[in-house]
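Visitor: Pasting in a structure now, in structure tokens, and then I'll have a few things to ask.
The values are calculated or read from the model by the stated rules, or taken from the named source; none is laboratory data. The structure displayed is predicted, hence computed values, not measured ones. Every residue, glycine among them, receives a Cβ derived from its backbone with ideal geometry; neighbour counts consider all protein chains shown. Accessible surface is based on the protein model in full, side chains and every heavy atom, while ligands, DNA and RNA are left aside. Shrake-Rupley method; radii C 1.70, N 1.55, O 1.52, S 1.80 Å.
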Amino acid sequence: MGSTVSRLVAAAALALLAFPAAHAQQKVLKFIPQADLRILDPITTTAYITRNHGYMVYDTLFAMDEKFQVKPQMVDKYEVSKDGLTYSFTLRDGLKFHDGQPVRSADCIASIDRWSKRDALGQKLAEATASWAAVNDKTFTLKLKKPFPLALEALAKPSSNVPFIMPERIAKTDAFKNIEDATGSGPFRFVRNEWVPGNKVVYVKNTDYVPRKEPPSWASGGKVVKVDRVEWIYIPDSATAAAALNAGEADWWEQLPPDLIPLLTKNKQITVKNIDPLGSMGMIRFNFLHPPFNNPKMRQALLYAVNQQDYVIGIAGDPKNGHPCYSYFTCGTPLASEVSADPLKGKRDLDKAKALIKEAGYKGEKIVIIDATDQPIVHSQSLLTLEMLKKLGLNAEIQAGDWGTLITRRAVKEPPEKGGWNIFHTWLVGPDMVNPAVNFPIRGTGDKAWFGWPTDQRLEELREAWFNSNDAAASKKAATAVQQRAFEFVPFIPTGQFILPTAYRSNISGVIIAPVSFLWNVEKK
């Protein structure tokens, strides 16, 4: 029965890849994304599939390049007053939304206002802001109550949540309510009537888009679209996805599961490549609202049991594609350190972990791990954590679904027996964990924090001290203090740093080296 079902799934998926006659004369890029697109709003979720959708249809005021330098994107020119309190921005000529309306100052102000209600760095910018004001339709100002040196870095934030610019009529939507209208001004237009959740998402080239003239670098520079149409084909079965790429029915597979890398590498028509030099960080995220992980000793106990090497191999397969990272900040970047990491780094000590669990007064409560079987990064971590918890004598179980279900369920605050959860796994790209400003899982702001909702005033005070550091040495010292507190409070447990290669056919060129799979600049012969 299982093989029959698999064949039917494969046949259905391959049928979706069939080339429609209506598009026979067009250049169509067929892309297999990392997950199914369920949520269109890149402000209400940090899910990377929605972030990637955002980059297709929206643009940003500024963008960060591969050297972490901030570059104007929708902005043509800007000025900063000598006291650092007033910023003046002027938009480029020709910016237009997909509905034909021009991009105005009011659209930008409303979009930044909504974003700053959800994003960790945006919230910090909002605290420092006195006002945003439109001078006219193309020029607007930001006035600060106090200097905030990261203002432009915030507006150029490259990953979740990205400060995308939307029409004012959409951006005025409550920041805690999903938008459904994907009208943007970006290089692609979303084709709603061809969107089939669970199967396919379609974008077409925005012929009104005026790219910048600079070469592309990360999200900055010219977003030149070189195909007519992009089809995201969601194929949850890895073997079917590999077959599609091998057969040339798909052009690009965003993230390869490690067990299929050798198979695809044998095909000389396929390039298997790491396009994200910083890699990603895996993690165990706790729910702080319900037992047993509302008790810090339970979280501290797992520090002595997690074996990062096992997680890295589980996620990346080959040791050359990953390594332990005993830091709350991205290894390989300036603020990374192993200070206070001994419980996670030292010899694994299950007896110590069990002693802490006993001290915590664990009463045998069921621990629900929500899993996404269509996400190898998540699924492999979930299985390893289940095994670890059982070794510790904990009453744990996995409740499996797909990634779309997980990112919906993780927002549920009810107890696990009423649809909530205790643990989920995910991963963040390097730029999302590089410092206390952008590292959103480390925050302790309770209801305003990321899913899991930890509350820790001390973490927030230390984060504030980092913002007030005024040179590299002080920044390092302040970030180290944040990490020391993190290893006491344990907002999450890092599970290692890894890369997952991407794979594309040899008739594809122009793939940008970046932590996000950007689809502009990609040419198909």
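Visitor: From the list I367, I284, I357, which residue is over 22 Å from D456 (Cα atoms) and of a type in the set (V, I, T)? Before you say what the answer is, go through the steps one by one.
Guide: Details: I284 fails: over 22 Å from D456 (Cα atoms); I357 fails: over 22 Å from D456 (Cα atoms).
Going through I367, I284, I357 in turn, just one is over 22 Å from D456 (Cα atoms) and of a type in the set (V, I, T): I367.
Visitor: Do any strands (runs of 3 or more DSSP E) lying entirely in segment 352-429 carry at least 3 residues that are buried (at least 18 other Cβ atoms within 10 Å of the Cβ), and which ones are they?
Guide: Where strands (runs of 3 or more DSSP E) fall fully within segment 352-429 and carry at least 3 residues being buried (at least 18 other Cβ atoms within 10 Å of the Cβ), they are 367-372, 423-429.
Visitor: So, one more: Having 2 or more residues that are hydroxyl-bearing (S, T, Y) and touching a residue at least 40 places away in the same chain (Cβ under 8 Å) is the bar; report the strands (runs of 3 or more DSSP E) wholly within segment 27-104 that clear it. Let's see the steps before the verdict.
Guide: Values: elements: 28-32, 62-64, 70-72, 75-80, 86-91.
Output list reads 86-91.
Visitor: Quickly run through segment 217-244 and pick out the residues that are among the aliphatic types (A, V, I, L, M), open to solvent by 10 Å² or more (accessible area, probe 1.4 Å) and closer than 21 Å to H98 by Cβ.
Guide: Passing the criteria: V224, V225.
Visitor: Moving to a separate point now. Having 1 or more residues that are within 16 Å of G496 (Cα to Cα) and of a type in the set (D, E, K, R) is the bar; report the strands (runs of 3 or more DSSP E) wholly within segment 226-318 that clear it.
Guide: Output list reads 280-286.
Visitor: Quick test for you: out of I165, I235, pick the one residue that is aliphatic (A, V, I, L, M) and within 20 Å of L61 (Cα to Cα).
Guide: Every option except I165 fails the conditions.
Visitor: Also, quick follow-up: All but one of (1) within 30 Å of K67 (Cα to Cα); (2) surrounded by fewer than 17 Cβ atoms within 10 Å (Cβ to Cβ); (3) over 21 Å from the mean Cα position of the chain (by Cα) hold for G332, so report the exception by its number.
Guide: With (1) within 30 Å of K67 (Cα to Cα); (2) surrounded by fewer than 17 Cβ atoms within 10 Å (Cβ to Cβ); (3) over 21 Å from the mean Cα position of the chain (by Cα) applied to G332, the lone miss is (3).
Visitor: Further question on the same structure: In segment 344-402, what residues are in contact with a helix residue (DSSP H, G or I) (Cβ under 8 Å, 6 or more places away or on another chain) and among the hydroxyl-bearing types (S, T, Y)?
Guide: Listed by number, the residues that qualify are Y362, T373, S380.
Visitor: Quick check on segment 439-461: of everything there that is touching a residue at least 24 places away in the same chain (Cβ under 8 Å) and part of a helix (DSSP H, G or I), which residue is farthest from G282 (Cα to Cα)?
Guide: Per the criteria, the residue is R458.
Visitor: Identify all residues within segment 454-478 that are farther than 19 Å from L125 by Cα, open to solvent by less than 60 Å² (accessible area, probe 1.4 Å) and either touching a Leu at 6+ places or on another chain (Cβ under 6 Å) or not small (G, A, S) (or both); write none if there are none.
Guide: Hits for segment 454-478 are P454, D456.
Visitor: For segment 300-328, which positions are aromatic (F, W, Y) and in contact (Cβ under 8 Å) with a residue 60 or more places away in the chain?
Guide: Y311, Y326, Y328
Visitor: On the given criteria, is L500 modelled with pLDDT under 95 and either surrounded by 20 or more Cβ atoms within 10 Å (Cβ to Cβ) or in a loop (DSSP other than H, G, I, E, B) (or both)?
Guide: Yes: the conditions hold for L500.
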